[in-house]
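The structure under discussion appears below in the form of structure tokens.
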Number of protein chains: 2
Amino acid sequence: MSSNLAPWRSQLSRALHRNRSLPNARYFQLATVKKNGRPANRTVVFRGFFQETNQLQIVTDSRSEKVAEIQHQPWGEICWYFPKTREQFRLTGQLTLVGKHHLTLQNARQGAWQNLSETGKKQFLWPHPKKERCLNQEAFAPEVADDNQPVDNFCLVLFKPSLVDILQLKGEPQNRYLYTLQGDGDWLKKEVNP
Amino acid sequence: MSSNLAPWRSQLSRALHRNRSLPNARYFQLATVKKNGRPANRTVVFRGFFQETNQLQIVTDSRSEKVAEIQHQPWGEICWYFPKTREQFRLTGQLTLVGKHHLTLQNARQGAWQNLSETGKKQFLWPHPKKERCLNQEAFAPEVADDNQPVDNFCLVLFKPSLVDILQLKGEPQNRYLYTLQGDGDWLKKEVNP
């Protein structure tokens, strides 16, 4: 199915490979819009691509604010900076929430849960994020969750890019490429000024 | 004037100091909202605080898309991740554009221009960002700009935070603090669940 891979995927793979010594090269910043029309922005972990598609996977707690934001405005923008190669990928696209009640993607949600580390799984059993600090230390050391079945508040999020803006700061001058998804599913590549 | 420093400033100073070996620890991601109500997100360079205030300085080209976005929606959110100490600062606040026609802050704009490196200054004379790539290499090697007088399209941007969310991933469990600006100018600190 590699023919379905978007042409920007090879540049992204190369960046991931060349920055592989940095754990934070697998983190990016996801911007969404709040109900009041103002932006929100946070660091999330890249969890690979969804099957043979060009959709990026992240996971979140359904109690976190981004879930309500995405329900209200499904468009998001990812900013992904690679320190070693000094490249920035900006990906504009739409987000899909795959929570407990999603009708068709429960296998994908279960797979994402299974791929989480033990520590990662436990965080979904912690007290409500951003509420007043719970002083009971035991609340942060929950029993090991079921390795196979995601907890109710575990949410897989898929990000489907339709515009990818790659800026390479190392060039002399810098290089910049825009990839735009066309109506027929093809990607149009354009070289632009940095 | 150090009594005017917001209480989160000491935590930020410490993070900057402890991550000082990483050039990218001085970069953060700024989210804004486009006219169509969708988010935008990009990496920018921290240019220090504006005088004795708690306002962060960045600089931009007035031809860049974020300028129009900020004119339309002045609220932004900064996400600043420090890789070495594994801390995330999310700052919610309002942006002020200090371009060529700003009435009162031309001294600040000039100072920001003077603080730019030679290479940084030259980029403001490059061909229009994100337009079709200019193939004339000389266009990217402009004459040295005036060191003292900013070019017309040089824009200083001030970011005034009113909410600061600090997440320390290294804790066991993680620590999280919210600082909220009150009507009287004081900051309220609250410890919350990570």
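Derivation of every value follows stated rules applied to the coordinates shown; laboratory data play no part. Computed from a predicted structure; not experimentally measured. Because the Cβ atoms are built from the backbone with ideal geometry, glycine has one as well, and the counts that use them run over all protein chains shown.
Using every pair of separate Cα atoms, the Kirkwood estimate puts the hydrodynamic radius of segment A:1-99 at 14.5 angstrom. Counting, for every residue in B:182-193, the Cβ atoms of other protein chains within 10 Å of its Cβ and taking the mean gives 2.
Multiplying each eigenvalue of the alpha-carbon gyration tensor of segment B:62-131 by 5 and taking the square root yields semi-axes of 24, 18, 15 Å, largest first, rounded to whole angstroms. Taking Cα pairs under 8 Å and at least six residues apart, what relative contact order does chain B come out at, in percent? Here the relative contact order equals 22 percent.
Of all GluC sites (Glu not before Pro) in segment A:42-75, which ones are in loop regions per DSSP and have a Cβ with at most 12 other Cβ atoms within 10 Å? Intermediate values should be presented prior to the final figure.
Numbers: sites: A:Glu52, A:Glu65, A:Glu69; in loops: A:Glu52.
Within segment A:42-75, the qualifying GluC sites (Glu not before Pro) (loop, at most 12 other Cβ atoms within 10 Å) are A:Glu52.
Legend: residue pairs A:Lys130/B:Lys66; B:Lys66/B:Lys122; B:Lys100/B:Lys122; A:Lys100/A:Lys122; A:Lys35/B:Lys100; A:Lys131/B:Lys35, Cα-Cα distance threshold 22 Å; pairs beyond threshold, A:Lys130/B:Lys66; A:Lys35/B:Lys100; A:Lys131/B:Lys35.
A label point on A:Glu65, set 7 Å along the Cα-to-Cβ line, lies at 2.4 nm from each of its counterparts in the other copies, closest listed first.
In angstrom, the C-alpha Rg and Dmax of segment B:138-194 are 21.0, 55. Across identical copies of the chain, B:Lys130 has label-point separations of 2.7 nm, listed in ascending order, with the point defined 7 angstrom from Cα along Cα→Cβ. Overall shape: oblate for the protein assembly as shown, with the ratio a/c of the largest to smallest alpha carbon gyration tensor axis at 1.5 or above and b/c at least equal to a/b. Annotation for segment A:4-109: trypsin sites (Lys or Arg not before Pro) lying in DSSP loop with at most 12 further Cβ atoms inside 10 Å of their Cβ are A:Arg20, A:Lys35.
Shielding of peptide A:82-92 by partners, expressed as the average count of other chain Cβ atoms within 10 Å per residue Cβ, is 2. When both segment A:163-180 and segment A:6-45 are represented by their alpha-carbon centers, they are found 15 Å apart.
Give me the Kirkwood hydrodynamic radius of segment B:3-60, using the inverse of the mean 1/r over all pairs of distinct Cα atoms, in Å to one decimal.
The answer is 13.2 Å.
Anisotropy class assigned to segment A:37-194 is prolate, per the alpha carbon gyration tensor with a/c at or over the 1.5 cut-off and a/b larger than b/c. Taken residue by residue and averaged, Cβ atoms of other chains lying within 10 Å of the Cβ of A:21-32 number 5.
What separates the B:Leu103 label point from its copies, with the point 7 Å along Cα to Cβ, is 5.8 nm, written shortest first.
FRET efficiency for the pair A:Asp152 and A:His128, taken as 1/(1 + (r/R0)^6) with r the Cβ-Cβ distance and R0 = 22 Å, rounds to 0.95. Our helix-only sum for chain A, with -39,500 (n - 2.57) per DSSP H run of n ≥ 4 divided by its residues, gives a mean residue ellipticity at 222 nm of -5000 deg cm²/dmol.
Stokes-Einstein diffusion for segment A:71-111, with the hydrodynamic radius set to the Kirkwood value over Cα pairs and evaluated at 4 °C in a medium of 1.567 mPa s, equals 102 µm²/s.
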